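One structure below.
The values are calculated or read from the model by the stated rules, or taken from the named source; none is laboratory data. Model, not experiment: these values are computed from the prediction. Positions of Cβ are generated from backbone atoms using ideal geometry, with glycine treated the same way; all protein chains shown enter the neighbour counts. Each accessible area value is taken on the protein alone, full model and side chains, heavy atoms only, with ligands, DNA and RNA left out. Shrake-Rupley method; radii C 1.70, N 1.55, O 1.52, S 1.80 Å.
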Amino acid sequence: MSRPRVVIVGAGFAGYQTARTLSRITRGKADITLLNPTDYFLYLPLLPQVAAGVLEPRRVTVSLSGTLPRVRLVLGEADGIDLEGHTVHYTDPEGDGGTLAYDRLVLAVGSVNKLLPVPGVAEHAHGFRGMPEALYLRDHVTRQVELAAASDDPKSSASRCTFVVVGAGYTGTEVAAQGQLFTDALVRKQPLRQGIRPRWMLLDIAPRVLPELDERLSRTADRVLRRRGVEVRTGTSVEEATSTGVRLSDGEFIDTRTLVWCVGVRPDPLVEGLGRPLERGRLLVDPYLQVPGHPEVFACGDAAAVPDLEKPGQYTPMTAQHAWRHGKVAGRNVAASLGFGERREYRHRDMGFTVDLGGVKAAANPLGVPLSGPLAGAVTRGYHLAAMPGNRIRVAADWFLDAVLPRQAVQLGLVRSWSVPLDTASPELARVAGAPENRPAPVTRGTPAATSLADTHAVPDPGRPGATGPRKSAVPDPGRPGAPGGDQPGSADATNATEPGHDGPAADGSRPAVSDPGGPATSDTDEPASGSPAASGPVESSTAYKPMASGSGGPGSGRQAASGSDTSASAEPGVSGPGGPGSGRPMASGPEGLAPEREVSGPGGPGRPAASGSDTSAPAAPEASRSGTSAPAAPEASGSDNPRPARPAGPRSDRHPEGDS
């Protein structure tokens, strides 16, 4: 008798833990396949330290094949799911297509950057959801400081040394805190003109930083940031971004070349093509993480709306710790469906939060005990080491070296602005010259909403003689010389503590999500800016939210002001139960979820759509239609941060009007 086939789509916090748990339980009695664009699990909570030069990139990447025995890895992105035929269609890194048959399917596709209808943001800002974006930000910041030190123009130097981070949630707060320390270290080696020093600004429409956390933690983080020199501006959003700066909601124009967008995330668009019920862009599942009507299909992480049994009528937030705990329950329940053990409902109990503020500073409240300073820093780093499924010694060694040696102020130039656009369905992958720009529109056969894969035609792959792949056209390069890079302005990451999927206020005091007619809405914890409606709210992301928990899962012109607090899943699961710090078992146990954010479209011209009062399906930076001609060759790399020549733009067909780890 053949072994049952289990396909897991996505290797973030939820997918990785599902594969690990299932492999341990079945012990080779099931054929487990993990489909993922990369061959590593990315520990997102430590990504700000990569951007600041504290950790080397490979320290926060954990090998999938090296840590998941008895699991087969297939590199590729899912672009079609046939629920009736029990198959998953995917496209590999070289553009070739493939199909995986399954008896059990686990969808853990994660989340992507949340877009808001703010003019210029898609063209001039960069997100912070994947390794390419962290590497780009590190190089970009280093380059700006070096150019400022060599410039004879005081105004140009000041502009290059101004860095704007939008979203004072977990991700934005940590990026600003680590960034200020990084640039201070750079200017000690390359002094700037007299009177000029690195200037970091943290903006959020919310009344305080980390609005989703306890006020004591918020006050601690605010105090550390201000003493370090970071300008914290609450109640402020970005109304427009240009190549030379950003215009704030209070009318002030800030000259800058760097704009980092940390306003949150939205569920991966793949789940929207399944033809199944959604809750604010997330796939509805039962307490056992199964999709109603398809008991063989499970969903977890940011893309799944998991009922919160501790808060009836609500859904678990989209955070890393919830995603990690989702994965453990999903793995157990998939195994139970195959005859191994009994299935469990998903329950959780929070045990605290940690926010790394760089150096020896942090804010934490393990078991409800508020901590700050070096003690909080030690607890936070110990928590991360315990939660990581690998590389602990290497990470600890890098922390030690950073404490005793100066940081290396060099830029490698491996990631260009045009290769990490804000509007992308694959933030974990850098865009490559001559390669397909985006995956085909998600499709699902055998359901009322089914569409045909015939819409995606095979064309010669310029990177491989004779190879064919889905036809996708190029998108205009969002980056350009002097364009601000980084996260988009307007609001804080509210993806971690905001509870998407319910109409009432979340338990943490966040505001309910505003229903968006025609598509899923996102939950928001921020107040709208005066005279400008706030976007439908921050979506929780699984990169910045770091609460510790334990539970059954285991360890005015029609322009919309950006808003929201990024509660991305920086939250790292901590260890729970007998695993202990050395077990690699997260302390948190609960689900991870991200609220969707709809993209905007309008007559904004070829470079960008006009802002509209509501989120519409068109992306902020329209890409060329996939059904058009194949992508032209990308521009040549150069020593500057200039993007390649703009490529023809056209309507995008791979995104759903609405918008996981």
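Details
- Where residue 268 falls short, out of the listed (1) open to solvent by less than 40 Å² (accessible area, probe 1.4 Å); (2) charged (D, E, K, R); (3) out of contact with any helix residue (DSSP H, G or I) (no Cβ under 7 Å at 6 or more places or on another chain): (3)
- Condition met for residue 260 (closer than 20 Å to residue 358 by Cβ and more than 23 Å from the chain's Cα centre (by Cα)): no
- Of the criteria (1) farther than 20 Å from residue 159 by Cα; (2) modelled with pLDDT of 95 or more; (3) surrounded by fewer than 24 Cβ atoms within 10 Å (Cβ to Cβ), which one residue 275 fails: (2)
- Just one residue in the set 139, 184 is in a helix (DSSP H, G or I), among the charged types (D, E, K, R) and either within 23 Å of the chain's Cα centre (by Cα) or within 21 Å of residue 247 (Cβ to Cβ) (or both); that residue is 139.
- Residues of segment 278-307 satisfying the condition of being open to solvent by 30 Å² or more (accessible area, probe 1.4 Å), among the charged types (D, E, K, R) and within 18 Å of residue 327 (Cβ to Cβ): 286
- Scan of segment 403-423 for residues that are open to solvent by less than 80 Å² (accessible area, probe 1.4 Å) and under 21 Å from residue 124 (Cα atoms), ordered by number: 411, 413, 415, 416, 417, 418, 419, 420, 421, 422, 423
- Where residue 235 falls short, out of the listed (1) buried (at least 24 other Cβ atoms within 10 Å of the Cβ); (2) farther than 20 Å from residue 179 by Cα; (3) of a type in the set (Gly, Ala, Ser): (1)
- Filtering segment 317-356 to residues that are of a type in the set (A, V, I, L, M), touching an Asp or Glu at 6+ places or on another chain (Cβ under 9 Å) and open to solvent by 10 Å² or more (accessible area, probe 1.4 Å) leaves 336, 338.
- Scanning segment 367-375 turns up at least one residue that is in a strand (DSSP E or B), surrounded by 15 or more Cβ atoms within 10 Å (Cβ to Cβ), over 26 Å from the mean Cα position of the chain (by Cα) and of a type in the set (A, V, I, L, M).
- When residues of segment 251-265 are limited to those that are open to solvent by less than 10 Å² (accessible area, probe 1.4 Å) and assigned to a loop (DSSP other than H, G, I, E, B), the one modelled with the highest pLDDT: 256
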